[in-house]
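Q: Have a look at this one before I ask anything.
The values are calculated or read from the model by the stated rules, or taken from the named source; none is laboratory data. Treat the numbers as computed from the prediction; the structure is a model and nothing was measured. So basically every Cβ, Gly included, is an ideal-geometry build from the backbone, and we count neighbours across all protein chains shown.
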Amino acid sequence: MRLLIVSNRLPIVTVEEEGQLLFREGAGGLVSGISAYLDSLRGSSFTGPQYRWIGWPGVAVDDPAQQALVRETLAGFHAHPVFLSDRSMDQFYHGFCNKTIWPLFHYFPSYAVCEESFYAHYRCVNRIFCEAVAPLVQPGDVVWIHDYHLMLLPHLLRRQRPDATIGFFLHIPFPSFEIFRLLPKAWRAELLEGLLGADLIGFHTHDYTQHFLHSVLRVLGHEHNMGRILLPNHLAKVDTFPMGVDFEKFQAAAGRVAALVAHPSPLTRAETAGAGDPAPATSEAPLKMILSVDRLDYTKGILNRLQGYELFLEQNPHWRKKAVLVLVVVPSRIGVDQYQEIKRQIDELVGKINGKFGSVGWTPVLYQYRYLPFEPLVSLYASSHVALVTPLRDGMNLVAKEYLASRTDGTGVLIVSEMTGASKELAEAISVNPNSVAEIAAALEMALEMPEPEQIRRNEIMQDRLRRYDVIRWADDFLCQLGEVKAEQERLQARLLDPVARRKLLQQLGQAGHGTIFLDYDGTLVSFADNPKDVRPTQDLLALLQTLSQGPSLDVILISGRDKDTMDDWFGGLDVALVAEHGAWIKPRNRTWRQARPLGNDWKPDLLPILQTYADRLGGAFVEEKQYSVAWHYRRADPELASACVKELVDDLVSFTANIDVQVQQGHKVVEVRCGGINKGAAAMSFLPKDTADFLLAIGDDWTDEDLFRILPGSACSIRVGNRHSCAKFSLPSHREVLDLLREIRVAQSQACVR
Ligand code: GDG
């Protein structure tokens with residue numbers, strides 16, 4: 001078993017310097033998190049060379065000889081390069097990824113560009129990745145795809161490797177539907193279908209998971225059950241996995257720098273940490289360090305943070321010369337306009353604050369525009385009294401967690417934006433709305449004045465949580481669940497009427513002298529339509545049913561929830577038995593309709609107004625009145641509004657009908673109220689063959705058919721259409737396969753007649 005990690009970038013970055021290719025360690029939350037997990041795998045089932053990391057090497061390499069060199073060198077690090085041209089990277093990475101998806105998914109729609117050629121390259125690069133990954137996948141491998149650059153890949157890969165185990169994790173937020181729908185229709189459907197190619201799709205927070213499920217419902221119409229989405233070809237699960245940090249690694253590193261930061265003045269610490277060359281303090285008390293570390297990105301809220309600090313100094317003159325903001329900004333996405341503009345504004349604001357409040361002995365903001373090596377970064381975490389983390393949006397934010405993990409003595413105060421995924425797990429931190437400069441200023445005051453015992457009390461709780469749910473546990477959890485989804489799929493698959501089971505079924509039919517087939521109609525012989533009247537049977541279907549039932553050896557019973565007039569109109573001319581309104585009406589072959597048992601419908605006038613009121617409230621819902629039942633259909637309604645409305649309606653109906661002999665049942669986009677004791681199972685009893693050697697088959701697609709499946713003798717064959725939990729013995733994916741099966745039965749029957 002091998003783990004194949006797929007991400008846009010590899011953990012080893014190839015750079016070209018003076019015509020030479022050099023290889024360096026990459027950085028960032030994704031790389032450090034997954035690397036920590038891979039390091040932890042020694043001794044597990046994915047040990048040593050049992051993993052591969054597939055991604056872009058960081059530079060365009062066109063020369064085949066150089067490509068071979070890169071491939072060979074990276075193979076030593078278990079990495080496999082996917083080569084992309086400069087143009088592809090420009091349109092795919094700088095274009096669709098960073099100018100469309102990144103701003104949109106971080107709630108900056110005004111920055112999002114909608115450019116056809118960007119999307120065309122996004123599709124193309126996802127296909128290139130697919131071509132690179134597919135040949136590497138061996139039976140038993142687990143493919144784990146990461147992040148927004150590769151959202152089409154799960155589906156592409158699934159098409160090439162239908163049985164592969166594929167997981168996907170999104171590191172950035174999944175936005176609410178109102179934002180997601182800003183993408184052109186075709187793109188948003190393709191992106192969701194792309195993700196649903198995975199067996200397991202993971203998000204950092206419950207909100208992102210819900211947003212995704214909601215978009216899937218709105219765009220593709222797939223409902224979910226506890227995060228499980230049943231697709232025609234497989235079951236996909238959607239769940240939340242908040243990414244942690246390598247807690248022990250930060251604790252250990254912080255322990256190593258503790259000797260340096262235990263006693264020297266904070267300024268010495270800042271220097272040790274690589275925070276620059278601050279001016280010496282003039283006051284006697286040591287300066288309190290406020291730390292800010294981010295990639296340069298407009299989502300990180302660096303400007304708001306500076307404005308908050310400025311207001312704090314304004315409002316709290318007594319804190320001047322006693323605090324210092326260490327602002328580390330890591331260069332990122334250089335060349336993208338918005339980033340250059342943000343950089344210019346940060347430079348300006350830092351200059352303004354330092355000019356306004358600074359003095360010879362004190363620089364209020366120590367600004368570093370560079371990447372820090374790991375040890376100095378941890379040293380900064382360990383020596384800062386406050387971490388100020390104020391993104392306007394952030395999928396998770398690992399800096400907040402790393403800061404807490406580096407506080408070996410439990411002191412320190414974390415201020416965290418409520419717009420980060422991390423804030424959901426770090427409830428004991430000081431939470432701020434990053435859009436409010438006043439809140440940031442107030443939080444700074446509170447943080448700097450918080451007594452140490454209170455700091456420790458809060459941090460202990462958060463540290464415990466971070467220690468338990470570290471990045472290794474995160475990855476383990478994800479991969480375990482991926483395994484569980486596969487097992488669940490196998491259980492569902494085991495029920496599928498495969499060619500072997502099908503042959504056996506036809507053999508049984510051939511051996512039995514006589515057979516009975518119960519067939520539901522909607523969803524079983526035809527697909528669903530917005531208007532139930534639109535699925536009148538075609539001539540082909542009628543001919544199929546007629547030839548099946550004409551032979552002397554087979555009885556066909558159409559058993560439906562439809563009213564008897566429709567059944568008569570559509571199937572009255574056939575040689576079949578009919579059951580209408582789920583069994584309220586029965587018409588044996590070549591006979592007239594009769595009631596299953598005396599039924600009353602005096603309850604209808606009281607219930608109809610309730611159903612009508614709910615239909616008036618929900619656009620697209622409508623009431624269908626039958627003789628002994630009433631159906632409230634909502635297949636044309638907005639699925640989300642409908643789901644809330646249905647709950648209320650059912651609740652109302654159940655309490656209203658508590659003392660009368662009716663049942664309230666939910667079906668496929670329908671709520672039905674019908675007389676008690678009426679169901680397809682009871683209706684089918686009168687058709688069951690006396691001879692147990694007879695062939696018996698029932699096919700249906702929803703809960704009303706379960707009543708029928710339940711009363712069948714053990715020797716009978718039952719098939720449920722769709723991948724649902726059912727007491728039927730087998731399943732078939734859709735009505736199309738049912739029709740194929742009936743055609744095969746027809747052929748088998750005619751061959752038997754010839755013999
Ligand atoms: C994306 C999502 C999500 C930063 N500066 C230096 C440095 N770093 C390291 C930090 C941390 C990582 O980079 C940054 O992770 P974040 O989570 O803060 O943010 P993104 O890079 O935007 O990451 C984010 C993450 O993916 C994981 O899913 O949390 O929401 O946007 O590990 O330590 N490391 C070093 N020097 C630096 O100067 N050594």
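Q: List the strands (runs of 3 or more DSSP E) inside the range 544-639, counting only whole elements, that have at least 2 residues being charged (D, E, K, R).
A: Qualifying strands (runs of 3 or more DSSP E): 622-625.
Q: Let me ask something else. Hey, can you tell me all the residues within the range 283-320 that are of a type in the set (Lys, Arg) and either crowded, with 19+ Cβ neighbours inside 10 Å or in a strand (DSSP E or B) (or both)?
A: Residues satisfying the conditions are LYS288, ARG295, LYS300, ARG305.
Q: Next question. Quick one: which of ARG305, ARG344, ARG295, ARG333 is at pLDDT below 95 and under 20 Å from LEU404 (Cα atoms)?
A: ARG295
For (1) outside the structural domain of ALA400 (by TED's automatic domain parsing); (2) touching a His at 6+ places or on another chain (Cβ under 7 Å); (3) of a type in the set (Asp, Glu); (4) within 30 Å of TYR403 (Cβ to Cβ), each residue gets a yes or a no:
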residue: LEU182; (1), (2), (3), (4): yes, no, no, no
residue: LEU192; (1), (2), (3), (4): yes, no, no, no
residue: GLY202; (1), (2), (3), (4): yes, no, no, yes
residue: PHE212; (1), (2), (3), (4): yes, no, no, yes
residue: ASN225; (1), (2), (3), (4): yes, no, no, no
residue: ILE229; (1), (2), (3), (4): yes, yes, no, no
residue: ASN233; (1), (2), (3), (4): yes, no, no, no
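Q: Within the range 601-633, restricting attention to residues that are basic (Lys, Arg) and over 13 Å from THR657 (Cα atoms), which residue is surrounded by the most Cβ atoms within 10 Å (Cβ to Cβ)?
A: LYS626
Q: Next question. Hey, does the range 415-438 have a residue that's in a loop (DSSP other than H, G, I, E, B), more than 16 Å from the ligand (Cβ to nearest atom) and under 18 Å from ILE461 (Cα atoms)?
A: Yes, the range 415-438 contains a residue that is in a loop (DSSP other than H, G, I, E, B), more than 16 Å from the ligand (Cβ to nearest atom) and under 18 Å from ILE461 (Cα atoms).
Q: Ok, one more. Here are PHE374, PHE357: which of them is more than 28 Å from the chain's Cα centre (by Cα), within 9 Å of the ligand (Cβ to nearest atom) and in contact (Cβ under 8 Å) with a residue 40 or more places away in the chain?
A: PHE374
Q: Only one of these conditions is not met by LYS669: (1) farther than 28 Å from PRO537 by Cβ; (2) touching a strand residue (DSSP E or B) at 6+ places or on another chain (Cβ under 8 Å); (3) modelled with pLDDT under 90; (4) surrounded by 15 or more Cβ atoms within 10 Å (Cβ to Cβ). Which number is it?
A: It fails just one condition, (1).
Q: In addition: Go through the residues of the range 568-585 one by one and say whether even a single one is aromatic (Phe, Trp, Tyr) and surrounded by fewer than 19 Cβ atoms within 10 Å (Cβ to Cβ).
A: So far as the range 568-585 goes, no, none of its residues is aromatic (Phe, Trp, Tyr) and surrounded by fewer than 19 Cβ atoms within 10 Å (Cβ to Cβ).
Table: residues versus (1) part of a helix (DSSP H, G or I); (2) within 16 Å of the ligand (Cβ to nearest atom); (3) in contact with a strand residue (DSSP E or B) (Cβ under 8 Å, 6 or more places away or on another chain).
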| site | (1), (2), (3) |
| --- | --- |
| ILE346 | yes, yes, yes |
| GLY351 | yes, no, no |
| GLN368 | no, yes, yes |
| SER379 | yes, yes, no |
| ALA382 | yes, yes, no |
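Q: Let me ask something else about it. Restricting the search to the range 12-32, which residues are farther than 14 Å from PHE374 by Cβ and either in contact (Cβ under 8 Å) with a residue 40 or more places away in the chain or within 16 Å of the ligand (Cβ to nearest atom) (or both)?
A: ILE12, VAL13, THR14, VAL15, GLU16, LEU21, PHE23, LEU30
Q: Quickly run through the range 391-405 and pick out the residues that are of a type outside the set (Phe, Trp, Tyr), touching a residue at least 60 places away in the same chain (Cβ under 8 Å) and either within 11 Å of the ligand (Cβ to nearest atom) or more than 19 Å from GLU449 (Cα to Cα) (or both).
A: Passing the criteria: PRO391, LEU392, ARG393, ASP394, GLY395, MET396, LEU398, VAL399, LYS401, GLU402, ALA405.
Q: At pLDDT below 95, surrounded by fewer than 19 Cβ atoms within 10 Å (Cβ to Cβ) and away from the ligand (no atom under 16 Å from the Cβ), is that true of PRO109? Spell out how you get there, then give the answer.
A: Working: at pLDDT below 95: no; surrounded by fewer than 19 Cβ atoms within 10 Å (Cβ to Cβ): yes; away from the ligand (no atom under 16 Å from the Cβ): yes.
The answer is no for PRO109.
Q: Oh, and also: Could you give me the residue pairs with C-beta distances under 6 Å whose first residue belongs to the range 210-237 and is modelled with pLDDT of 95 or more and crowded, with 16+ Cβ neighbours inside 10 Å, whose second residue is in a loop (DSSP other than H, G, I, E, B) and charged (D, E, K, R) wherever it lies, and which are 6+ apart or on separate chains?
A: none
Matching residues to (1) part of a helix (DSSP H, G or I); (2) touching a residue at least 40 places away in the same chain (Cβ under 8 Å):
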residue	(1), (2)
SER655	yes, no
GLN666	no, no
ILE699	no, yes
SER715	no, no
SER718	no, no
LEU741	yes, yes
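Q: Tally the residues that are free of Cβ contacts under 8 Å to residues at least 40 places away in the same chain and part of a strand (DSSP E or B), restricting the search to the range 321-344.
A: Of the residues in that region, 0 qualify.
Q: Taking the range 331-344, which residues are at positive phi and away from the ligand (no atom under 16 Å from the Cβ)?
A: GLY335
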